[in-house]
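The values are calculated or read from the model by the stated rules, or taken from the named source; none is laboratory data. Everything quoted here is computed from the prediction, not taken from an experiment. Cβ sites come from the backbone with ideal geometry, for glycine too, and all protein chains shown count toward neighbours. Accessible surface areas use protein heavy atoms only, side chains included; no ligands, DNA or RNA. Shrake-Rupley method; radii C 1.70, N 1.55, O 1.52, S 1.80 Å.
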Amino acid sequence: QVQLVESGGGLVQAGGSLRLSCTASGRTFSTYYMGWFRQAPGKERGLVAFINWSTGFRGYADAVKGRFTISKDNAKNTVYLQMNSLKPEDTAVYYCNADLERSRFDITRNYWGQGTQVTVSS
């Protein structure tokens, strides 16, 4: 069984920083992509940032470009989201997402983490 385990959320003042981590635990064989989504109350879940596991290609939502940085540690099967210059509008539950295979005989499946709350006070 594969689990995406997130950590690093919390309460921070506007202008502050937080770093989120997400580790794919359990039986994993190949990871293709990992990313972060967020969902604020009353809003749809949307993509924040993603990273291609083999090439390292990164993409960001316009709202976070220049402030957030996604990175990875292949050996630890972990993705990070460094969030700087946080704004109250960044307040949301942040979810980790990944496409990976559990074995060489498995198909590629999509997984979600349980979510971690980020609250930015003004």
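Taking region 107-122 as the range and being modelled with pLDDT under 95 and either buried (at least 17 other Cβ atoms within 10 Å of the Cβ) or over 17 Å from the mean Cα position of the chain (by Cα) (or both) as the test, the residues that pass are ILE107, THR108, SER122.
Got at least one residue in region 85-92 being closer than 25 Å to VAL2 by Cα, open to solvent by less than 60 Å² (accessible area, probe 1.4 Å) and in contact with a Leu (Cβ under 9 Å, 6 or more places away or on another chain)? Within region 85-92, none of the residues are closer than 25 Å to VAL2 by Cα, open to solvent by less than 60 Å² (accessible area, probe 1.4 Å) and in contact with a Leu (Cβ under 9 Å, 6 or more places away or on another chain). When GLY66 is tested against (1) touching a residue at least 24 places away in the same chain (Cβ under 8 Å); (2) open to solvent by 50 Å² or more (accessible area, probe 1.4 Å), just one condition goes unmet, and that condition is (1).
Would you check if LEU4 is part of a strand (DSSP E or B) and surrounded by 14 or more Cβ atoms within 10 Å (Cβ to Cβ)? So LEU4 fits the description; yes. Checked against (1) outside any strand (DSSP E or B); (2) under 12 Å from the mean Cα position of the chain (by Cα), ILE70 passes all but condition (1). Every listed requirement among (1) of a type outside the set (Ser, Thr, Tyr); (2) surrounded by fewer than 19 Cβ atoms within 10 Å (Cβ to Cβ); (3) in a strand (DSSP E or B) is met by ARG104 save one, (3).
Residue-wise test of (1) over 19 Å from VAL118 (Cβ atoms); (2) touching a residue at least 24 places away in the same chain (Cβ under 8 Å); (3) of a type in the set (Ser, Thr, Tyr).
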| site | (1), (2), (3) |
| --- | --- |
| ALA14 | no, yes, no |
| THR23 | no, yes, yes |
| ALA61 | no, no, no |
| ILE70 | no, yes, no |
| MET83 | no, yes, no |
| TYR94 | no, yes, yes |
| ASP99 | yes, yes, no |
| ARG102 | yes, yes, no |
| ILE107 | yes, no, no |
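Condition first: assigned to a loop (DSSP other than H, G, I, E, B) and either within 12 Å of the chain's Cα centre (by Cα) or closer than 21 Å to LYS72 by Cα (or both). Now tell me which residues in region 7-29 satisfy that. I'd like the intermediate steps shown before the answer.
First pass over region 7-29, keeping only residues assigned to a loop (DSSP other than H, G, I, E, B): 8-9, 14-17, 27-29.
Within region 7-29, GLY8, GLY9, SER17, ARG27, THR28, PHE29 meet the criteria.
Every listed requirement among (1) buried (at least 18 other Cβ atoms within 10 Å of the Cβ); (2) closer than 28 Å to ASP106 by Cα; (3) not small (Gly, Ala, Ser) is met by ARG58 save one, (1). Looking across region 72-84 at every residue that is out of contact with any Lys or Arg (no Cβ under 6 Å at 6 or more places or on another chain) and open to solvent by 40 Å² or more (accessible area, probe 1.4 Å), the one that is nearest to GLY26 (Cα to Cα) is identified as LYS76.
Has region 30-45 got at least one residue that is closer than 30 Å to GLU101 by Cα, in contact (Cβ under 8 Å) with a residue 12 or more places away in the chain, outside any strand (DSSP E or B) and open to solvent by 30 Å² or more (accessible area, probe 1.4 Å)? Yes, some residue in region 30-45 is closer than 30 Å to GLU101 by Cα, in contact (Cβ under 8 Å) with a residue 12 or more places away in the chain, outside any strand (DSSP E or B) and open to solvent by 30 Å² or more (accessible area, probe 1.4 Å).
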